[in-house]
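Peer 1: Just passing along the structure, written as structure tokens.
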Amino acid sequence: MKKKSLVTILIIVAVVLVIYLWFKSGYNAMVEKQETVSAQWAQVENVYQRRADLIPNLVATVKGYAQHEQGTLTAVIEARAKATSVTIDPTNLDPDDIAQFQAAQDQLSGALSRLLVSVEAYPELKANENFMALQAQLEGTENRITVERQKFNEKAMEYNQYIRKFPRNIIAGMFDFEKVGYFKAQAGAETAPKVEF
């Protein structure tokens with residue numbers, strides 16, 4: 001009788017240990033993937049901040065040459081202020097918050113585009129070395145933004161897939177691991193621009 005009860009106890013302990021190790025492994029993997037998403041989000045914010053830091057220098061350079069573009073300069077400054085005021089908690093990257101952040105950044109991108117188009121009317125500004133260097137830095141930063149947004153979407157997809165697959169979704173539900181949102185293309189980006197010569 002003692003042998004049977006010892007075997008039963010050992011089996012119960014083994015089952016409990018396997019369940020514990022499975023939960024521990026799943027939970028720790030989710031934490032690791034969540035931290036990777038948060039770190040990638042920080043990198044996205046970093047490149048957007050770089051762009052925001054370049055804008056005052058760009059505006060100051062343009063202001064000296066393009067006195068007639070005051071409305072455009074004001075729009076850029078206001079869009080920058082709005083874009084830098086939108087912050088997101090990296091532990092709560094829900095789709096609505098990301099959409100709000102993206103909308104503010106898209107508004108800034110549009111204002112910058114209008115500013116750079118208006119600069120075409122000022123050949124002496126376009127030839128200014130300081131302006132050319134700032135414009136090159138801004139273009140490089142825009143490329144970095146694209147790359148970091150893509151990396152963020154990849155990490156978010158890995159995390160979302162991981163927490164939604166059975167049986168890990170049970171652990172995710174028990175410990176409130178929520179799906180994170182993605183960056184999406186700007187509205188109208190699916191339509192190619194019409195070019196006429």
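Peer 1: Inspect all residues belonging to the range 10-21 and state whether any of them is among the small types (Gly, Ala, Ser) and crowded, with 18+ Cβ neighbours inside 10 Å.
Peer 2: no
Peer 1: Tell me which residues, restricted to the range 17-74, are closer than 22 Å to residue 121 by Cα and among the charged types (D, E, K, R).
Peer 2: If the condition is that a residue be closer than 22 Å to residue 121 by Cα and among the charged types (D, E, K, R), then 63, 69 are the ones that fit.
Peer 1: Go through (1) part of a loop (DSSP other than H, G, I, E, B); (2) within 19 Å of residue 185 (Cα to Cα); (3) out of contact with any helix residue (DSSP H, G or I) (no Cβ under 9 Å at 6 or more places or on another chain) for residue 92 and report which single condition fails.
Peer 2: The failed condition is (2).
Peer 1: Okay, next question. Applying the selection to the range 155-181, what residues are assigned to a helix (DSSP H, G or I) and touching a residue at least 24 places away in the same chain (Cβ under 8 Å)?
Peer 2: Scanning the range 155-181 gives 155, 156, 157, 158, 159, 162, 163, 168, 171, 172.
Peer 1: Is one or more of the residues making up the range 101-115 of a type in the set (Phe, Trp, Tyr), surrounded by 13 or more Cβ atoms within 10 Å (Cβ to Cβ) and within 20 Å of the chain's Cα centre (by Cα)?
Peer 2: Looking through the range 101-115, at least one residue is of a type in the set (Phe, Trp, Tyr), surrounded by 13 or more Cβ atoms within 10 Å (Cβ to Cβ) and within 20 Å of the chain's Cα centre (by Cα).
Peer 1: Can I ask one more? Check residue 91 against each of (1) of a type in the set (S, T, N, Q); (2) within 25 Å of residue 147 (Cα to Cα); (3) surrounded by 13 or more Cβ atoms within 10 Å (Cβ to Cβ) and name the one condition it does not meet.
Peer 2: Condition not satisfied by residue 91: (3).
Peer 1: Right, something else. Could we say that residue 29 is exposed (fewer than 14 other Cβ atoms within 10 Å of the Cβ) and small (Gly, Ala, Ser) here?
Peer 2: The answer is no for residue 29.
Peer 1: Across the range 84-112, what is the number of residues that are modelled with pLDDT of 90 or more and hydroxyl-bearing (Ser, Thr, Tyr)?
Peer 2: Number of matching residues: 3.
Peer 1: I'd like the residue in the range 54-76 that is of a type outside the set (S, T, N, Q) and loosely packed, with under 15 Cβ neighbours inside 10 Å and, out of all such residues, is modelled with the highest pLDDT.
Peer 2: This residue is 56.
Peer 1: Tell me whether the range 66-83 contains one or more residues that are within 20 Å of residue 182 (Cβ to Cβ) and either aromatic (Phe, Trp, Tyr) or in a helix (DSSP H, G or I) (or both).
Peer 2: Yes - at least one qualifying residue is present in the range 66-83.
Peer 1: Give me the pairs: first residue in the range 125-136 and outside any loop (DSSP other than H, G, I, E, B), second residue of a type outside the set (A, V, I, L, M), beta-carbon distance under 7 Å, and six or more apart or on different chains, which are they?
Peer 2: What qualifies is 125/65; 125/131; 130/61; 131/61; 134/57; 134/61.
The values are calculated or read from the model by the stated rules, or taken from the named source; none is laboratory data. What you see is a predicted model, and the numbers here were worked out from it, not measured in a lab. Positions of Cβ are generated from backbone atoms using ideal geometry, with glycine treated the same way; all protein chains shown enter the neighbour counts.
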